[in-house]
Amino acid sequence: MAQKIATFDDWKDLFYAWQKDIGFDASLVKDYKFDAIYGEGTSPEIEFGEFKGRKKFEKVLDIPTQDMRDSLLHLIFYQGDTEFGSSEQQRKLIDTAPSDYDRMCLLRVMREEQRHGWQMCHVLISNFGDSGKVEARKLLERRAYNGTRLLGAFNKNIDDFIDFVTYTCFIDRDGKYQLTMLHPSSFAPLSRSMGPMLKEEAFHLFTGQSGLSRIIKAGKVPVEIVQKYLNKWLSTGYDLFGKDCSSAAARFYRWGFKGRFDEATASSPPKDLDRLNEEARNLYYKEDCQIIDSLNALVPEGKPKLCAPDPKFNRQIGDCAGKMYSVEGNPLSEAEYKEHLAKVLPGPVEAKILAPIFKAGNWMAAGTA
Ligand SMILES: [Fe+2]
Ligand SMILES: [Fe+2]
């Protein structure tokens with residue numbers, strides 16, 4: 001890859017080379033035009049934090065300090081990293097989609113995630129000078145399958161279509177939270193990027209939730225195995241909200257870069273600026289439980305009901321990182337924990353049970369757009 005980017009067009013060449021390198025056949029989405037799309041944003045004025053009431057920052061140089069500019073750059077390339085990471089994780093599924101409909105959904109999700117990455121790079125290159133160009137290039141150099149994406153969740157394997165629909169239901173739901181929190185951002189180009197991205201995100205969530213519903217309706221994949229996929233991806237989703245007590249999140253809020261999930265309707269300022277991540281994660285957990293309740297309505301009598309793993313389970317980030325808790329949230333010894341993980345997460349045993357089910361087909365009920 002070329003090392004220097006002078007214009008956004010130079011970056012586009014790197015993007016097409018990246019598609020090729022990850023094995024994404026661009027001819028599958030040849031009618032799709034990758035583009036940066038800016039909406040209206042939420043308000044011309046800063047809506048929360050220390051600069052509330054002032055005009056939003058249109059340019060990086062409108063932002064008062066270098067410290068703030070660096071943090072904002074960081075926030076944007078972290079978001080971009082997740083977008084490209086997800087396409088890398090999903091790249092091998094194209095040939096294994098259970099139906100043409102599912103393949104169509106997969107390709108739409110992949111091209112839109114790529115567009116989200118494209119959008120973040122457009123913001124970086126158009127606004128942040130050389131450092132933006134360097135970060136936009138680095139976004140196309142890291143690889144999920146080499147473990148070099150910035151967040152652990154985006155280095156995990158997506159092995160099959162149950163992974164895909166669980167991921168789009170719960171990891172893309174984290175995406176919805178992040179984009180919603182960035183929507184009222186004090187940096188106008190970032191705020192204006194979020195509306196169109198959120199619109200696209202809604203389809204990803206639909207693909208995930210309806211996909212899980214279709215698996216349960218078809219009744220071929222044991223509900224116990226679906227539960228293991230929930231354990232894998234929900235615990236990953238909890239981690240994505242970051243440390244429970246985060247001074248970075250507090251700074252992002254004070255500077256108006258990133259609000260609360262319910263910022264638009266919140267009637268008072270946050271009680272504890274250091275606990276913003278925890279607050280967002282709690283809302284996410286509640287929403288996950290509602291989704292699971294609606295899936296449970298489809299689980300036949302006599303079969304075990306699905307549930308969200310306890311937020312303490314399998315955590316790599318936050319107060320419970322590296323601690324040994326069961327899916328029910330009970331503390332375990334090291335030996336118990338090792339055995340427990342093997343039992344509650346999908347692994348080779350489940351892959352063996354699923355292989356003939358996948359092969360026989362019709363393991364997802366028919367889908368409709
Ligand atoms: Fe996205
Ligand atoms: Fe998404």
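The values are calculated or read from the model by the stated rules, or taken from the named source; none is laboratory data. Values in this document were obtained by computation on a predicted structure and should not be read as measured data. As a convention, Cβ positions derive from the backbone with ideal geometry for all residues, glycine included, and neighbour counts pool all protein chains shown. In case anyone asks, the SASA skips ligands and DNA or RNA and just uses the protein heavy atoms, side chains included. Shrake-Rupley method; radii C 1.70, N 1.55, O 1.52, S 1.80 Å.
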Next item on the list: Just name one of Val221, Leu332, Phe252: the one whose Cα is farthest towards the positive end of the charge dipole of the chain (beta-carbon charges, Lys/Arg +1, Asp/Glu -1).
Entry: Val221
Notebook entry, point to check: Hey, can you rank 82-91, 344-353, 154-163 by average C-beta count inside 10 Å, highest first?
Noted result: 82-91, 154-163, 344-353
Item checked: Percent of C-alpha pairs per 5 Å bin, the range 1-137, short to long -> 2, 9, 17, 19, 17, 13, 9, 7, 4, 2, 0
Note to self: I'd like to verify something in the chain: which complete DSSP H helices, judged by Cα projection on the helix axis, reach 18 Å or more and average at least -0.5 on the Kyte-Doolittle scale?
What the structure shows: 161-182, 188-218, 223-239, 348-360
Item checked: Sequence ranges 332-342, 256-266, ranked by mean other-Cβ count within 10 angstrom, highest first -> 256-266, 332-342
Next item on the list: Give the total of Lys-Lys pairs in the range 221-275 with Cα-Cα distances below 23 Å; include a pair only if its members are 8 or more places apart or on different chains.
Entry: 4
Next item on the list: In whole Hz, with x marking every Gly and Pro, tabulate ³J(HN,Hα) for the range 307-317 from phi via Karplus 6.51 cos²θ - 1.76 cosθ + 1.60, θ = phi - 60°.
Entry: 8, 7, x, 4, x, 8, 6, 6, 8, 10, 9
Next item on the list: Express the accessible area of the chain per residue in Å², computed with a 1.4 Å probe while the remaining protein chains stay in the model.
Entry: 45
Check: Can you pull the percent of the chain's accessible area that's carbon plus sulfur, 1.4 Å probe, other chains left in place?
Finding: 52
Item checked: Cα-Cα over 31 Å, subset of Lys92/Lys176; Lys220/Lys343; Lys138/Lys338; Lys92/Lys338; Lys4/Lys176 -> Lys138/Lys338; Lys4/Lys176
